[in-house]
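Where a number appears in this text, it was derived from the coordinates with a stated rule and is not lab data. Just so it is clear, the structure is predicted and the values come from calculations on it, not from any experiment. Glycine gets a Cβ as well: all are built from the backbone with ideal geometry, and neighbour counts include every protein chain shown.
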Amino acid sequence: MKLTVIGTGYVGLVSGACLADVGNDVLCLDLDAAKIRILEDGGIPIHEPGLLDIVRRNVEAGRLAFTTDIERAARHGEIQFIAVGTPPDEDGSADLQYVLAAARNIGRHMDGYRVIVDKSTVPVGTGDKVRDAVADELAARGAHLPFSVVSNPEFLKEGAAVDDFMRPDRIVVGADDERAIELMRRLYTPFQRKRDKLVFMDVRSAELTKYAANAMLATRISFMNELANLAETLGADIELVRQGIGSDPRIGWHFLYAGCGYGGSCFPKDVKALIRTAAEHGRALQVLGAVEAANDAQKHVLVDKIVRRFGEDLAGRRFALWGLAFKPDTDDMREAPSRVLIAELLRRGASVAAYDPVAMREAERIFGDEPRLTYAGRPKSALEGADALVIVTEWKEFRSPDFDAIRGRLRQPVIFDGASARSRARRRRRRRCGRGA
Ligand code: NAD
């Protein structure tokens, strides 16, 4: 099938590459010429395990191409995926300007029937806005071309995105007409060889399903974070509590780790947007309001502990910080807890030596020329002369640290672990190492 994917970010590029990998002819459009240049030069603009291989393989096979040419993109695919960003507006609602611009571009240049598939996470009712935007453009040029609007929210996780796309738990498709349903069924047949994973529904329900999923996951995280704080106060071990409740099939094991608060490009903005949608319709989502407040507070927990240990004024202090990305296996730092922590440490006069396996370039872009924030080539070099180590992101390489080497390099043997210590043995050793969190 001939497909166009609009937006070559985490969702668009993964979707485009994976759809090409099962034999489709995919053209990916982005307005960011720098991204398209990287892709045309054989690279990828993001860190995502396994993605580079799949992109290269499909480019070489002639099934995957990149462009900044809007007209060419609109004419290429019978199915047009919109996978552009939907960042939070000032009031927390999803900013639809990129989605609607993409829709207008399709309407302006399409030359036959199109299924316009919204993969971006968008509030309920956006399907109607996309339909109006395309219809307006067609009317403006006096064209009478049929099209369908479909909602196909994406559930991939950064860090495991290729696998998630190739082996999805479910594929949600919101569609209101038979022609579109048939095309979507054909499109996704290669991804559901073992069982039927397609869940068809109306467009509005599909739009809400994506928010419901992210809101539920964010709720679990905030719940566990609050319980972890309480456990610490009570002298209980949250890791044991996790094991005690995860074995209950009604609860399950996933998303039960406590940490520094959820971040990334999805949970914070999607929780906000859902609260906003409800408010616009006169409904208060009280649980989600608390989830958000607990998360904002959680991002300050490490700073509070550091201040308890070293005092309010951190001038002259130096901290080694391991982990910048909002979670392991990605370079994404959108809404990452590390950003709050770094900003607060710098504001209090401290300097920070940071290490992350892949996100340091992104941190440099975000923090610019900040003289008190430096980057270390290796985790150990960040420790030299630091007053304490702060672990923020649970990268695999931080799971079993060499405590003797850490002790030898730090000025004081203190570790603040915000990455949810997973093994009791590790924590016992850590306690021997110092009095950190
Ligand atoms: P992103 O910011 O990484 O990528 C978006 C891309 O769209 C950018 O490269 C941008 O230049 C491009 N773009 C913007 N307007 C355009 C236009 N009119 N034409 C062509 N290109 C345009 O975003 P992302 O993380 O891939 O997220 C995209 C959507 O998918 C969001 O709604 C997000 O909530 C949702 N989503 C993201 C994830 C995730 O893990 N990142 C998972 C599921 C759903």
Around R57: net Lys/Arg minus Asp/Glu count, Cβ-Cβ under 12 Å: -1
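Would you mind ranking I70, I245 so that the residue whose beta carbon has the fewest other beta carbons within 10 Å leads the list?
Working: I70 18, I245 15.
In order of increasing Cβ crowding within 10 Å: I245, I70.
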Interatomic Cα distance distribution for the range 6-86, bins of 5 angstrom, percent: 3, 17, 31, 29, 17, 3, 0
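In what order do S247, S205 fall by count of nearby beta-carbon atoms within 10 Å, going from fewest to most?
Numbers: S247 10, S205 15.
The most exposed by this proxy come first: S247, S205.
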Out-of-range pairs (alpha-carbon distance over 18 Å; input K119/K327; K2/K129; K157/K327; K299/K327): K119/K327; K2/K129
Point-charge dipole on Cβ atoms (K/R +1, D/E -1) for the chain, about Cα centre, debye to 20: 1900 debye
Peptides 229-236, 21-28 ordered by average Cβ neighbours within 10 Å, highest first: 21-28, 229-236
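Charges only on Cβ, +1 for Lys and Arg, -1 for Asp and Glu: so what's the dipole of the range 21-68 about the Cα centre, in debye to the nearest 20?
On the way: 5 positive and 9 negative charges, 9 e Å.
Value, rounded to 20: 40 debye.
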FRET E, pair D95, K157, Förster distance 22 Å, beta-carbon r, rounded to 0.05: 0.45
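222 nm [θ] for the chain, helices only, -39500 (n - 2.57) per DSSP H run of 4+, per residue, to 500? Please list the in-between numbers first.
Numbers: 18 runs with 201 residues, N = 437.
Calculated at 222 nm, the ellipticity per residue is -14000 deg cm²/dmol.
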Cα gyration tensor shape for the range 218-433, rounded if a/c is under 1.5, else prolate or oblate: oblate
Residue exposure sequence - E182, E362 - by fewest surrounding Cβ within 10 Å: E182, E362
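Report Rg(Cα)/(2.2 N^0.38 Å) for the range 2-201, keeping two decimals.
Working: Rg = 15.9 Å, N = 200, 2.2 N^0.38 = 16.5 Å.
That works out to 0.96 for the range 2-201.
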For the range 197-299, the Rg and Dmax computed from alpha carbons only, in angstrom: 15.4, 49
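Wrap a convex hull around the Cα atoms of the chain, take a quarter of its surface area, and give that in square nanometres.
Working: hull surface 89.7 nm².
That works out to 22.4 nm², a quarter of the Cα hull's surface.
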